[in-house]
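To start, the structure under review is shown below, and the notes come after it.
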Amino acid sequence: MGRMAEGLWRAVQRESADASPILDHVFQFVGPERTVLDIGAGVGRFAVPLARAGVRVEAVEPSDTMRHYLSRYVEDSEVPARVRVIADAWPTGAAGVAEVALAAFVVHFSDDPVAFVRAMERHATARVVVAVHVDPLFARWREAFGPLWPGGPGPHPSRLFKDLYPLLLQHDIVPDVAIFQQHMGPRWSTEDEAAAALIARFEITEAADEARLRERLRTHPDVWQHPAAGRAALLSWAPPA
């Protein structure tokens, strides 16, 4: 979680989410109350732009490390009066009811995604909005580094659109769906920074394996210098009356 938080923090410093189709969609359903519940708010990628636009946000985030960066981003953006941070996992009784309940790229962490979104329905008056990856987030790492360790170290799989969408349909949740392009993965400033992160992710302990990784980074700089293009899905529906 610490490595993820650091990567997300680097991302928000380099690229604003203001033009995200996720935010555009959320704003369509923000009404006169101007309230959004941001579940798994992370470092504030969506919570802060929403607050800057005058929306009152409840940001649910269980990770201490994520909340550290979230609080910093809120303070730096001068919007603390419009962001209430809830230090808890979802679902939580500490959250109120908002016009929009948003969960962007966090449902895959849940052991029970149906219960997760049903709880979102109970906390939304106008819209439930869920973003999920279509393409595996770390597919490029497998392509670049998988040949070094066939059947060995690699990124952990996560629940994708193809897994979540039929599951929702089985439980009579029929969302509107929009597929959009996004850039996925971290942007590292240096080769050493990329190596340190990947050594930790792949759980590399042998010097020979580290040397092979560093050689691959030298010969494939595009893998660590630029995020990969990929698809994401925006699932959206009105909560039951």
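Using the number of other C-beta atoms within 10 angstrom as an exposure proxy, rank Val74, Val174 with the fewest first. Let's see the in-between values first.
Values: Val74 25, Val174 11.
Result, fewest neighbours first: Val174, Val74.
Count the DSSP beta bridges whose two residues both fall in the chain, then state the antiparallel fraction as a percent rounded to the nearest 5. Could the numbers behind the result be given before it?
Working: 15 of 34 bridges.
The antiparallel proportion sits near 45 percent.
I want the local charge near Val85. Using Cβ-Cβ distances under 12 Å, sum +1 for each Lys or Arg and -1 for each Asp or Glu among the other residues. Write down the numbers at each step before the final one.
Working: positive: Arg67, Arg72, Arg82, Arg84; negative: Asp38, Glu58, Glu61, Asp64, Glu75, Asp88.
Residues near Val85 contribute -2 overall.
So what J values fall out for the stretch 57-64 if you push phi through Karplus, 6.51 cos²θ - 1.76 cosθ + 1.60 with θ = phi - 60°, rounded to Hz, Gly and Pro as x?
For the stretch 57-64, the Karplus-derived couplings read 10, 9, 10, 8, 8, x, 7, 4 Hz, x marking Gly and Pro.
How do the peptides 54-62, 85-93, 162-170 rank, highest first, by the average count of neighbouring beta carbon atoms within 10 Å per residue? Spell out each step's value before the answer.
Values: 54-62: 22.3, 85-93: 16.0, 162-170: 13.9.
Per-residue mean Cβ counts within 10 Å order the peptides as 54-62, 85-93, 162-170.
What is the order of Glu78, Glu193, fewest Cβ neighbours within 10 Å to most? Don't skip to the end; give the middle numbers.
Working: Glu78 10, Glu193 15.
Listing Glu78, Glu193 from fewest to most nearby Cβ atoms yields Glu78, Glu193.
Could you work out how much longer the chain between Thr125 and Glu78 gets when fully extended? Use 0.36 nm per residue separation minus the Cα distance between them, nm to one decimal. Don't skip to the answer; put the middle values down first.
Working: separation 47, 0.36 × 47 = 16.92 nm, distance 2.77 nm.
Full-extension gain reported as 14.1 nm.
What number, rounded to the nearest 500 deg cm²/dmol, is the helix-based mean residue ellipticity at 222 nm of the chain, given -39500 (n - 2.57) per DSSP H run of at least four residues and division by all its residues?
Values: 10 runs with 97 residues, N = 241.
-11500 deg cm²/dmol, from helical runs alone.
Could I have the simple spin-label model distance between Gln225 and Arg10, label points 7 Å from Cα toward Cβ, reported in nm to one decimal?
Modelled inter-label distance: 1.5 nm.
Once the Cα gyration tensor of the chain is found, what semi-axes does its equivalent ellipsoid get, as square roots of 5 times the eigenvalues, in whole Å, sorted largest first?
Details: eigenvalues 217, 85, 46 Å².
The answer is 33, 21, 15 Å, longest axis first.
No lab work stands behind these numbers, since they all come straight from the coordinates. In this text, all values refer to a predicted model and were calculated from it rather than measured experimentally. Glycine gets a Cβ as well: all are built from the backbone with ideal geometry, and neighbour counts include every protein chain shown.
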